[in-house]
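The values are calculated or read from the model by the stated rules, or taken from the named source; none is laboratory data. Nothing here was measured: the structure is a model prediction, and the numbers come from that model. Quick reminder, even Gly has a Cβ in these numbers, built from the backbone with ideal geometry, and neighbours come from all protein chains shown. Only protein heavy atoms, including side chains, enter the accessible area calculation; ligands, DNA and RNA are left aside. Shrake-Rupley method; radii C 1.70, N 1.55, O 1.52, S 1.80 Å.
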Amino acid sequence: MSMPESGQPSEGGGGGWIVLGVLNEILLKLASQPDLRSLWEEVCSSARWIVPSQRLCVVLGNDGGGARIAARYEHGTFAYGAPEGGGVVVDAWMVAALEAQRAAWFKGPWTEAREADIARAWLLAEDPDVVFHVPIQVYKKTIGTMLFALEDQRQIDRKALASATTYALYVGATYTMLKNSLDLADASAQLREQNEELERVQIELRVQLDRVRAQHEAMLEMSTPIIQVWDSVLTLPVIGTVDGARAARMMEEVLGAIVAHGARFMIVDLTGAQAADTSTIEHLLRLFAATRLLGSQCIVSGVPAGMVRRILDAGGSLDGIPVFSTLKSALEHAMGAIRHKPR
């Protein structure tokens with residue numbers, strides 16, 4: 001397919017009627033657009049005051065290569081995006097316009113060129129005399145182009161060229177700032193969503209942690225069941241291992257129960273206790289000593305063989321504490337002491 005002729009605009013024509021006041025008013029309107037759709041609609045609507053044309057096509061570079069249609073304007077009717085069925089434009093004519101650094105025109109014949117893609121077919125639908133190209137630039141980099149389909153090449157003169165070039169520069173700057181602003185707003189919205197999601201997860205974790213703490217508290221309560229087996233006789237069956245938290249709970253519950261019941265005897269049954277480490281032995285010895293300080297006799301039953309060895313290894317002693325092999329024997333000792341209590 002042959003490429004259309006292109007060249008620099010001529011000096012004849014009627015574009016000199018554009019005045020600076022009108023251009024400034026247009027640029028102020030551009031800067032107030034809230035989104036890209038409204039921006040391109042304003043660009044297309046305002047461009048007719050600069051370059052009167054049958055059709056206008058705004059083309060931007062595509063990140064994946066080629067070009068994409070951002071907006072179209074046809075006899076007062078705005079359309080956002082490419083014609084139906086037209087996606088990314090990759091033919092040489094549109095890409096060449098994006099690569100150009102200066103305004104230029106493209107001339108027919110259009111018959112063969114019109115068959116290349118849908119976007120170009122839309123732009124050339126009324127057989128224009130020329131297609132005028134004005135690059136949209138930011139920091140001397142061409143990011144897009146405005147393509148005007150003109151009935152007469154003489155519609156472009158030096159004044160119209162200067163106005164169109166200035167206008168395209170402002171379009172590029174406005175588009176870049178608005179896009180950056182929208183991208184920042186989108187990133188902020190995503191960050192807010194992430195923060196909200198993080199906060200939701202934190203709340204769920206706190207709820208789960210509170211639930212675990214409540215379950216742990218319930219387990220501690222169940223692990224220190226103090227049973228009143230007779231008047232002034234209490235028993236504490238110790239099952240499993242005793243860690244720091246459980247030992248503190250046992251101490252609190254035992255001392256509170258002794259005071260509340262006026263217990264003379266506290267039987268600590270270790271039949272179900274596992275062979276403990278040195279720390280566990282120290283906790284138990286402190287419990288025995290605290291019981292005696294409240295005036296209650298501590299009786300120990302069912303000490304596992306492994307625990308006996310650990311008590312000796314830790315330098316502990318059960319001197320002064322009645323020790324029995326079974327809970328039954330410990331109860332009989334306490335009951336006998338109660339029966340023989342002097343009146």
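Restrict the check to the stretch 132-145 and report whether at least one residue is touching an Asp or Glu at 6+ places or on another chain (Cβ under 8 Å), within 18 Å of Val51 (Cβ to Cβ), buried (at least 16 other Cβ atoms within 10 Å of the Cβ) and small (Gly, Ala, Ser). So far as the stretch 132-145 goes, no, none of its residues is touching an Asp or Glu at 6+ places or on another chain (Cβ under 8 Å), within 18 Å of Val51 (Cβ to Cβ), buried (at least 16 other Cβ atoms within 10 Å of the Cβ) and small (Gly, Ala, Ser). Regarding Asp127, is this residue surrounded by fewer than 20 Cβ atoms within 10 Å (Cβ to Cβ), part of a loop (DSSP other than H, G, I, E, B) and out of contact with any strand residue (DSSP E or B) (no Cβ under 7 Å at 6 or more places or on another chain)? Answer is yes for this residue.
Across the stretch 151-165, a minimum of one residue is classified as part of a helix (DSSP H, G or I), of a type in the set (Ser, Thr, Tyr) and modelled with pLDDT of 85 or more. For the stretch 54-77, enumerate the residues that are open to solvent by 40 Å² or more (accessible area, probe 1.4 Å) and at pLDDT 80 or above. Arg68, Glu74, His75, Gly76, Thr77, listed by residue number. The set of residues in the stretch 28-52 being open to solvent by 20 Å² or more (accessible area, probe 1.4 Å) and at pLDDT below 85 consists of Leu28, Lys29, Ala31, Ser32, Arg48, Trp49, Pro52. Pairs linking a residue in the stretch 163-183 that is of a type in the set (Val, Ile, Thr) to a residue that is in a helix (DSSP H, G or I) and at pLDDT below 85, with Cβ atoms under 6 Å and 6 or more positions apart or on different chains, are Thr174/Leu30; Thr174/Ala31. Looking only at residues in the stretch 83-120 that are open to solvent by less than 30 Å² (accessible area, probe 1.4 Å) and over 21 Å from Ile143 (Cβ atoms), the one that is modelled with the lowest pLDDT is Ala113.
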